[in-house]
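First the structure, in the form of structure tokens, and then the observations on it.
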Amino acid sequence: MVANSWQQTPAGYHIVGEGMHARAEITDFWAMVFNPSSVERLTHVWIGAFLAGAFLVISVNAYYILKKKHLEIAKPAFKIALVVATFFSLAQLFTGSKSADGVAKNQPAKLAAMEGHYDSSAAADMFLVGWVNNKTQTTNGIKIPGGLSFLIHQDIKAPVTGLNAFKKEDRPSQVNTVFQMYHLMIAIGMALIALTLYSCWQWKKGKLFEKRWLLIVLAWSVLLPQLANQAGWFTAEMGRQPWVVYGLLRTSDALSRSVAANQVVFSLILFTLVYTTLFVLFIYLMNKKIKHGPVYDAPQELIEEGSKRDNPLLDHK
Ligand code: HEM
């Protein structure tokens, strides 16, 4: 995480040597560790991981509840995961907007790509959905006019640095992909907030487990944080292009002369094969465990009695 943040916002280094032999050396260890984006990136990614875990627990237990299986464990586990998911869904909006502030300050070309904003003399809109045409340098869609200007400058008319402020070779080329990935992440973030708050409201009304459609949606919701994490990652990395280290080292200059192109292709194919095998194995084993259900190492009556006594959440409504 620190290394990745350093690539986005390098700090605590100096350059030794010149040309192809130039390299960055650490001059201040803590400035490097706490570079301008590391804390906000770490919290945002951490919460993304908590959301992935909480929604997995919600999903598995929604499935059990739908199948009317293992209810004495499924209902309380579902409720605990819902509390965690609600808290972190809201927290993710907060850390996400902190990250966006940081990007506005440290990587303005990335921010401009995230909202498809080209003209530096104009106020910047905030799109809910849209499409960027990088050739005509236009972005169309449903938007809040001046929304990005307001977020950054608290003024809907304030101009925001656009992509045209950067030379063509210094800005991301895949603007529409960055835009789409960013908006997918945010749409999912909002959907997670809506879903968890609605579920909490149903819980308060004592109807949490009565709405079949809600349980079905929650069973599938496991996919949402996974998608948002990938979309966020694409936003951060594709938005950083054309740099490997922002403002310092271009991706095109970062190739290693001692590794040939076919070696790179070969290792990519191998990695893809290994990770695909691990993924298939993971899904197979996870599915087997879920179908099997919880392993009880105490008599059933004891578990039910203990869970009712120890936890007020476990009212089995
Ligand atoms: C709710 C609204 C959200 C906002 C405003 C937001 C904002 C942002 C921003 C601005 C970035 C780019 C950071 C950078 O390049 O330095 C980012 C990256 C990211 N986001 Fe979000 N985000 C939101 C929701 C989510 C959700 C729900 C998840 C996952 C469950 C998520 C996971 C990520 C990840 C994994 C990254 C990549 C971090 C990295 O590798 O640098 N975000 N987000």
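A short reminder: the numbers here are calculations on the coordinates, not readings from a lab. Predicted, not measured: the structure shown is a model, and the values here were computed from it. Backbone-built Cβ (ideal geometry, glycine too); neighbour counts: all protein chains shown.
Does anything in the stretch 27-59 have its amide N under 12 Å from the 7 Å Cα→Cβ label point of residue 91, and if so which residues?
Under 12 Å, as judged by backbone N against the label point of residue 91, lie 43-52, 54 of the stretch 27-59.
What spacing in nm lies between the two simple spin-label points modelled at residue 204 and residue 282, each 7 Å away from Cα in the Cβ direction?
3.6 nm
Summing -39500 (n - 2.57) over the DSSP H runs of n ≥ 4 in the chain and dividing by its residue number, what mean residue ellipticity at 222 nm do you reach, to the nearest 500 deg cm²/dmol? Please list the in-between numbers first.
Values: 11 runs with 191 residues, N = 317.
That calculation yields -20500 deg cm²/dmol at 222 nm.
Given +1 on the Cβ of Lys and Arg, -1 on the Cβ of Asp and Glu, and no further charges, what dipole in debye does the chain carry about its Cα centre, rounded to the nearest 20? Show your work: numbers first, answer last.
Values: 30 positive and 21 negative charges, 208 e Å.
In total the dipole reaches around 1000 debye.
Please list 245-254, 154-163 highest first by mean number of surrounding beta-carbon atoms within 10 Å per residue.
On the way: 245-254: 13.9, 154-163: 16.4.
Sorting 245-254, 154-163 by mean packing, highest first, produces 154-163, 245-254.
Under a plain spin-label model, where a point goes 7 Å from the Cα along Cα-to-Cβ, how far apart in nm are residue 268 and residue 131?
2.8 nm
Take the alpha-carbon centre of the stretch 237-287, take the same for the stretch 70-135, and report the distance between them in whole Å.
Using only Cα atoms, the two centres lie 25 Å from each other.
Going by how many other beta carbons lie within 10 Å of each one, how would you line up 37, 99, fewest first?
99, 37
Give the residue from 16, 256, 231 lying farthest towards the positive end of the charge dipole for the chain; charges sit on Cβ (+1 for Lys and Arg, -1 for Asp and Glu) and the dipole is referred to the Cα centre.
231
Just tell me which lysines come within less than 19 Å, Cα to Cα, of residue 79; anything on the same chain fewer than 8 places away is out.
Qualifying lysines at Cα under 19 Å: 67, 68, 69, 204, 205, 207, 211, 308, 317.
Over the chain, what is the mean sequence separation of C-alpha contacts under 8 Å (at least six apart), divided by residue count, expressed as relative contact order in percent? Provide the component values of the computation, followed by the final result.
On the way: 406 pairs, mean separation 59.3, N = 317.
Once normalised by length, the contact order is 19 percent.
Length gain on complete extension for the stretch residue 223 to residue 69, per 0.36 nm per residue less the alpha carbon to alpha carbon distance? Walk me through the intermediate numbers first.
Values: separation 154, 0.36 × 154 = 55.44 nm, distance 2.23 nm.
Contour length minus the Cα-Cα distance gives 53.2 nm.
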